[in-house]
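Shown next, in structure tokens, is the structure this report addresses.
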């Protein structure tokens with residue numbers, strides 16, 4: 001049967017798709033890494049990677065195995081962390097997941113307030129997209145998540161943390177950058193950078209619904225998962241994009257922001273979510289701190 005060492009090597013190589021970089025992350029040389037992968041493939045009876053002279057890619061079997069391998073590695077890390085807490089008698093540790101935009105705008109205020117009001121609390125921060133945060137909550141890798149809805153009410157509890165407006169992000173060179181504001185109908189038949197359905201489903205469906213109600217059909221020139229990727233394409237002059245209000249705090253180069261007038265006026269939701277059966281004694285106090293940090297920012 002394979003061991004956790006095999007799985008960790010596989011997951012890192014699957015993320016890097018380069019033996020040299022993966023070996024560096026694992027603090028080993030390439031030869032032992034190659035042997036670990038070969039042993040794992042022999043145990044499983046499948047090929048996990050396509051190996052070319054200059055390129056490494058996952059096989060279909062490898063892509064399928066990766067999801068469960070990640071889950072097992074996360075569970076092992078969670079179990080080890082729980083054991084260390086009991087052994088050392090440690091309390092007051094919170095692992096929090098956050099999206100890229102909340103990391104720029106919302107998280108700094110939470111961290112600052114926690115340092116001032118809960119100095120004995122140790123924070124562990126994990127930048128993850130919302131889908132991965134729910135998985136991390138489920139396995140216990142994180143205690144709290146700053147996520148986009150919907151939230152599974154069977155497994156998790158949540159409270160709305162922030163409601164935001166939408167902004168149109170335009171290249172500075174766009175002739176429409178002098179326009180004071182926009183409505184969804186303005187994008188009928190025009191180029192737009194859009195979000196992927198898988199990986200950024202919340203914004204994909206939110207904007208799709210806005211355009212459908214307005215009778216607008218934009219021409220999507222590119223689909224992205226991350227907001228900072230969208231802003232990079234906008235700054236490069238590819239096309240406009242639509243982002244939550246907090247994204248303006250990322251201050252991207254070559255991008256100007258204008259309001260998108262729509263109903264409701266604040267359609268973008270960010271929720272604070274946690275496992276319903278969490279046994280972390282520090283969780284209630286930190287939840288209250290997060291709510292206070294949003295209601296009373298420094």
* Determine whether region 244-251 contains at least one residue that is surrounded by fewer than 13 Cβ atoms within 10 Å (Cβ to Cβ) and more than 22 Å from the chain's Cα centre (by Cα). => no
* Asked: Out of (1) assigned by TED's automatic domain parsing to the domain that holds residue 187; (2) surrounded by 17 or more Cβ atoms within 10 Å (Cβ to Cβ); (3) out of contact with any strand residue (DSSP E or B) (no Cβ under 9 Å at 6 or more places or on another chain), the odd one out for residue 289 is which?
  -> (1)
* What are the pairs, 6+ residues apart or on separate chains, where a residue within region 4-22 that is surrounded by fewer than 21 Cβ atoms within 10 Å (Cβ to Cβ) has its Cβ under 6 Å from a residue that is modelled with pLDDT under 95 and not in a helix (DSSP H, G or I)? -> 17/56
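Given 123, 146, which one is under 10 Å from the mean Cα position of the chain (by Cα) and in a strand (DSSP E or B)? Lay out the reasoning, then the answer.
Details: 123 fails: under 10 Å from the mean Cα position of the chain (by Cα).
Result: 146 is the single residue among 123, 146 that is under 10 Å from the mean Cα position of the chain (by Cα) and in a strand (DSSP E or B).
Here's the yes/no breakdown for (1) modelled with pLDDT of 90 or more; (2) touching a strand residue (DSSP E or B) at 6+ places or on another chain (Cβ under 7 Å); (3) assigned to a helix (DSSP H, G or I):
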| residue | (1), (2), (3) |
| --- | --- |
| 73 | yes, no, yes |
| 79 | no, no, yes |
| 82 | no, no, yes |
| 95 | yes, yes, no |
| 103 | no, yes, yes |
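Among the residues of region 143-178, which ones are over 30 Å from residue 128 (Cα atoms) and either surrounded by 14 or more Cβ atoms within 10 Å (Cβ to Cβ) or not assigned by TED's automatic domain parsing to the domain that holds residue 231 (or both)? So that I can check it myself, show each step before the final result.
From region 143-178, those over 30 Å from residue 128 (Cα atoms) are 173-178; that's our starting set.
The answer is 174, 176, 177.
If you take the residues in region 106-117 that are surrounded by fewer than 20 Cβ atoms within 10 Å (Cβ to Cβ) and in contact with a strand residue (DSSP E or B) (Cβ under 9 Å, 6 or more places away or on another chain), which one is nearest to residue 227 (Cα to Cα)? Explain how you work it out, then say what you get.
Applying the first criterion (surrounded by fewer than 20 Cβ atoms within 10 Å (Cβ to Cβ)) to region 106-117 yields 108-109, 111-113, 115-117.
Those left that are additionally in contact with a strand residue (DSSP E or B) (Cβ under 9 Å, 6 or more places away or on another chain): 111, 115.
Values: 111: 22, 115: 28 Å.
Result: 111.
The values are calculated or read from the model by the stated rules, or taken from the named source; none is laboratory data. Quantities reported herein were computed from a predicted structural model and do not represent experimental measurements. Every residue, glycine as well, gets a Cβ built from its backbone with ideal geometry; the counts of neighbours run over all protein chains shown.
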